[in-house]
Amino acid sequence: MVDDFFAAVSHYNDSECDARLSVLLLGSLSKGEGSWISTKDGAQMLSDVEFFVIYPADFSILPVAKQQLDCLIQSSFSGQKSSLFHVDATFVSSDRLPRMEHKLLTYDAVHHGKWVVGRPLPRQLPQVTEKSLNRYDIRDIVEHRVFSVLFYASALKEAGETLQYRYVLAKNSLDLLTALSAQYGCLATTLTQREQVLAQLGLPQEYKEYLKHCLNCKKDPQTQADLSVTQMQQRFLNLAQYTADAVRVPAFHAVKHARHRLRRRAGQLKRSLQYRHFVFGNHQKQLLLALQREQKLTPSQRRDHLVLHGYPAE
């Protein structure tokens, strides 16, 4: 299914775009770690299909290419019914590639991305290393992961989708492990690296056992569960609070990443004005409190997240 989709994109690129587009697959699929479940409707993907579409600065038919890509996404993945599944295509101009912010996503693109359409452009990617990563981005992982669990929790629970909710908790818990590994100087973004680092980090035994359970859930979402959903939810909350307390941003990063921080602030201000909404209080603490109380996301909290991070779209 995924291979067929990229084959269709490749055909369009060759026939209509003079092979000027390049596609870099990201995320778990690029690492060979995609997750599926078997249902009466066939295999359903739980992993997202994430990729960069890189185009030259003088690419004049970009709007048309975006529309065609949307059509190919709809036709290729129409059978996917899971509420967790989505296709995330990010269009990036080739002249912007070397200047991309040193975020975890960029690090993954450089070190684990897979060129699946068009001409590979590895030399145009920035040289992102563990030491050059923007630690503000690592700190924000807690906020993103807690929001993700809250975003999906109520709908999955109400629909009785216990297996999928367990997967959401496991996947987001493993992302918290990545944040902790970065904090302690041994960045782990693949399942193999996470297994290795879990044995090295001096985490409390409760968290180690829980994260081993999460690794098993990620590898096989339909594996027999050692923990109930209620137990997983409580341990996710504890781990999120532990990670929020543990991850710190070195003072010199305020200067080192000043340009990107200013650009991010400008984006937040623009969205505040666009949606006529301003963020008050500590968004991360509010999300953690909502999770602790098993509350649904409020419209205000969704707007806060939209202003701060640019998603979810309204």
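The values are calculated or read from the model by the stated rules, or taken from the named source; none is laboratory data. Keep in mind that what you see is a predicted model, and the values were worked out from it rather than measured. Methodologically, a virtual Cβ is constructed for each residue, glycine included, from the backbone with ideal geometry; neighbour enumeration extends over all protein chains shown.
Couple of notes before you dig in:
- Close pairs from segment 225-248: first within 18 Å of Ile138 (Cβ to Cβ), partner charged (D, E, K, R) and assigned to a helix (DSSP H, G or I), Cβ under 7 Å, at least 6 apart: Ala240/Arg145; Val247/Arg139
- Taken over segment 283-305, residues that are buried (at least 18 other Cβ atoms within 10 Å of the Cβ) and more than 18 Å from Val142 (Cβ to Cβ) amount to 1.
- Residue identified as more than 17 Å from the chain's Cα centre (by Cα) and either among the acidic types (Asp, Glu) or assigned by TED's automatic domain parsing to the domain that holds Lys219 (or both) among Ala179, Ala155: Ala155
- Where Tyr207 falls short, out of the listed (1) at pLDDT below 95; (2) under 25 Å from Tyr136 (Cα atoms); (3) over 21 Å from the mean Cα position of the chain (by Cα); (4) not aliphatic (A, V, I, L, M): (1)
- The one condition in (1) closer than 20 Å to Lys219 by Cα; (2) assigned by TED's automatic domain parsing to the domain that holds Leu29 that Gln196 fails to fulfil: (2)
- Extreme residue, farthest from Phe59 (Cα to Cα), among residues of segment 71-101 that are out of contact with any helix residue (DSSP H, G or I) (no Cβ under 8 Å at 6 or more places or on another chain) and in a loop (DSSP other than H, G, I, E, B): Lys81
- Among the candidates Phe91, Phe51, the residue that is surrounded by 14 or more Cβ atoms within 10 Å (Cβ to Cβ), more than 28 Å from Thr223 (Cα to Cα) and more than 15 Å from the chain's Cα centre (by Cα) is uniquely Phe91.
- Val110 satisfies every condition listed in (1) without any contact (Cβ under 8 Å) to a residue 24 or more places away in the chain; (2) not in a helix (DSSP H, G or I) except (2).
- Evaluation of Thr39 against (1) on the phi > 0 side of the Ramachandran plot; (2) modelled with pLDDT under 95 (one fails), failing number: (1)
This table checks each residue for (1) under 24 Å from Leu29 (Cα atoms); (2) touching a His at 6+ places or on another chain (Cβ under 8 Å); (3) assigned to a helix (DSSP H, G or I); (4) in contact (Cβ under 8 Å) with a residue 12 or more places away in the chain.
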{"residue": "Leu169", "(1), (2), (3), (4)": "yes, no, yes, yes"}
{"residue": "Ser173", "(1), (2), (3), (4)": "yes, no, yes, yes"}
{"residue": "Ala182", "(1), (2), (3), (4)": "yes, no, yes, yes"}
{"residue": "Ala188", "(1), (2), (3), (4)": "yes, no, no, no"}
{"residue": "Thr192", "(1), (2), (3), (4)": "yes, no, yes, no"}
{"residue": "Gln196", "(1), (2), (3), (4)": "yes, no, yes, no"}
{"residue": "Ala199", "(1), (2), (3), (4)": "no, no, yes, no"}
{"residue": "Leu203", "(1), (2), (3), (4)": "no, no, no, yes"}
{"residue": "Tyr207", "(1), (2), (3), (4)": "no, no, yes, yes"}
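- Complete set of residues in segment 30-58 that are in contact (Cβ under 8 Å) with a residue 40 or more places away in the chain and outside any strand (DSSP E or B): Ser30, Lys31, Glu33, Ser35, Asp41, Leu46, Asp48
- Matching residues in segment 233-280 - criterion: being surrounded by fewer than 12 Cβ atoms within 10 Å (Cβ to Cβ) and closer than 30 Å to Gln164 by Cβ: Asp245
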